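Quick notes on the structure that follows.
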Amino acid sequence: MNAWWTTNLLDIIRKRLDEHPQFRIIIGNTGWQMVDKIMRMAVGLAISIWIARYLGPDKLGTLSYAMAFVALFAPLATLGLEDIIVRDIARDPSCAAETMGSSFILRLAGGIASLVIAISTILYLRPSDSLVHGLVAILAFGNLFLVTGVIESWFISQVRAKYTVYAKSPAFFIGSIIRIILIIRKAPLIAFAWAGTIEMGLCSLGLVISYVAKGHRLGEWTASMRRGGRLIRDSWPLALSIIAMSVYQRIDQIMLGDILGNKEVGIYSVAVRMAEPWNFIATAIYWSVYPSIVKARTISDSYFFAQLQKYYNLMAFLGYAVAIPVSLSAHWLIINLFGAAYTKAGIMAIVLTWANIFTFMELARSAFLATMNWTKIYFVTVMMGAIINVALNAVLIPRYGGLGASFASLIAYWFAVHGVCFLFKQLSRTGIMMTKAMLYPKFW
């Protein structure tokens, strides 16, 4: 009986893939990213547990504070160019060399700016905290390596994600080994910041090697003021949006550290580690689906919105598929894996995991907005979410600590992704589509 059901299930899956050849391509491309991310999540979680037990809430909180602080400035190193690069190359492959060369120059300048601004700001905010100064400087230096993200965008535009996996996986495992050695040798906190920066450098090197191995040369890239100006014109609202998003994704840890101290940040960061890794599912699917969404727009409006509805349905389905089991097991897992010192993180992780539903939906909505070139609207929605998150954190953190920060994130994410759609006429249709998806989620 079991064999009969298995055979028939496989036949159904094959039939669906035959009926939707584009879906077959998406599944294949996403599969590579899924395998990579699942391995990263499993190994990363194990090492995170080990690091959390070794450092304890206070030192872990100090490192998490520095990481969150640097993350605020990382968008300056990417300039929101990822979607624009993929979109332009998918539409017109002949522009690839000029687009990549111009983007490389822009991102290099942005990386230098993010390094200088991050260090200057932390020196102003915490003038006497030399440990945090060092952590921020080391971690911010790693933002310079984000410049090779233009190569990853090229692979994504070609729906060839497996080559980014080839490029980045070795760096991740080397970085993991370095962290294990640091724990065994009882290394100081600053060494863990260096481990993160070294891993980013190895990822950057891997992308270059993978690109060259496919027969391409960096010397083929060209840069022009015209292309650079066009890229910045299209991407600056996205860049500001990503900065705003960084604020409402990371400001909670920074405000927790400034209001209640590093220990509360350490406990909260464990909750974040339980909730955030699942975002790889939505991200992997996004970069596989996005080129097809761009192409669907060129066929017809009806086909475009039909594909978009399927995308929203899938994101809602996956959001629930993650939130429910994590909610049932988070408390037990945190106590048994991270230790009793992090007990309070259980309920925080549950709240943050439900917020992931809106994070998943936001990625699908961003594909819609980027395709329509409505990047300014995207910036406004994210900025409104960031303002609400900061305001809620200011009210809830002094009273409820990390749990208050968790609820602030949940409310802000919902508003910025779904609630705000009903305030703008251009977004009302997509708001209804997302509502339908959340009420009736399904797998494609």
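The values are calculated or read from the model by the stated rules, or taken from the named source; none is laboratory data. Since the structure is predicted, the reported quantities are computational estimates derived from the model, not experimental observations. Note: ideal-geometry Cβ built from the backbone for every residue, glycine included; neighbour counts use all protein chains shown. What goes into the accessible areas is simple: the full protein's heavy atoms, side chains included, and nothing from ligands, DNA or RNA. Shrake-Rupley method; radii C 1.70, N 1.55, O 1.52, S 1.80 Å.
General observations
- Selection count, segment 60-87, where residues are part of a helix (DSSP H, G or I), open to solvent by less than 10 Å² (accessible area, probe 1.4 Å) and farther than 15 Å from His133 by Cα: 8
- Test: residue in segment 90-103 that is open to solvent by 30 Å² or more (accessible area, probe 1.4 Å), under 30 Å from Gly257 (Cβ atoms) and modelled with pLDDT under 90: no
- Which numbered condition Lys344 misses (of (1) at pLDDT 90 or above; (2) under 22 Å from the mean Cα position of the chain (by Cα); (3) of a type outside the set (A, V, I, L, M)): (2)
- Condition check for Arg227: open to solvent by less than 50 Å² (accessible area, probe 1.4 Å), assigned to a helix (DSSP H, G or I), touching a helix residue (DSSP H, G or I) at 6+ places or on another chain (Cβ under 8 Å) and not polar (S, T, N, Q): yes
- If you go through segment 232-257 and keep only what is over 16 Å from the mean Cα position of the chain (by Cα) and touching a residue at least 60 places away in the same chain (Cβ under 8 Å), you end up with Ile232, Asp234, Ser235, Trp236, Pro237, Asp252, Gln253, Ile254, Met255, Leu256, Gly257.
- Qualifying residue in segment 184-191 (condition: more than 23 Å from Glu98 (Cβ to Cβ), within 19 Å of the chain's Cα centre (by Cα) and touching a residue at least 40 places away in the same chain (Cβ under 8 Å)): no
- When residues of segment 292-325 are limited to those that are among the polar types (S, T, N, Q) and within 19 Å of Val86 (Cα to Cα), the one surrounded by the fewest Cβ atoms within 10 Å (Cβ to Cβ): Thr298
- Residues (open to solvent by less than 20 Å² (accessible area, probe 1.4 Å), more than 11 Å from the chain's Cα centre (by Cα) and more than 16 Å from Met67 (Cβ to Cβ)) located in segment 275-291: Ile285, Ser288, Val289, Tyr290, Pro291
- His216 meets each of the listed conditions (1) more than 24 Å from Tyr54 (Cβ to Cβ); (2) in a loop (DSSP other than H, G, I, E, B); (3) at pLDDT 90 or above apart from (3).
- Only listed residue being part of a helix (DSSP H, G or I), of a type in the set (Ser, Thr, Tyr) and at pLDDT 90 or above, chosen from Thr381, Thr430: Thr430
- Whether a residue is touching a residue at least 60 places away in the same chain (Cβ under 8 Å), open to solvent by less than 10 Å² (accessible area, probe 1.4 Å), out of contact with any His (no Cβ under 8 Å at 6 or more places or on another chain) and within 21 Å of Asn262 (Cβ to Cβ) was assessed, and Ala408 passes this test.
- Trp332 being in a helix (DSSP H, G or I) and surrounded by fewer than 19 Cβ atoms within 10 Å (Cβ to Cβ): yes
- Evaluating Trp414 against the criteria (1) farther than 22 Å from Tyr320 by Cβ; (2) open to solvent by 10 Å² or more (accessible area, probe 1.4 Å); (3) of a type outside the set (A, V, I, L, M); (4) under 22 Å from the mean Cα position of the chain (by Cα) leaves one unmet condition, (1).
- When we screen Lys425, Lys436 for residues that are at negative phi, surrounded by fewer than 22 Cβ atoms within 10 Å (Cβ to Cβ) and at pLDDT below 90, the only hit is Lys425.
- Residues that are among the hydroxyl-bearing types (Ser, Thr, Tyr) and assigned to a helix (DSSP H, G or I) were ranked within segment 339-365; the one that is farthest from Met434 (Cα to Cα) is Tyr342.
- Being out of contact with any strand residue (DSSP E or B) (no Cβ under 9 Å at 6 or more places or on another chain) and buried (at least 17 other Cβ atoms within 10 Å of the Cβ) is a property that Val395 lacks.
- Identification of helices (runs of 4 or more DSSP H) wholly contained in segment 121-186 with 3 or more residues that are at pLDDT 85 or above and open to solvent by 50 Å² or more (accessible area, probe 1.4 Å) yields 130-141, 162-184.
- Remark: pairs (first residue in segment 350-368, open to solvent by 10 Å² or more (accessible area, probe 1.4 Å); second residue charged (D, E, K, R); Cβ separation under 6 Å; 6+ apart in sequence or on different chains) are absent.
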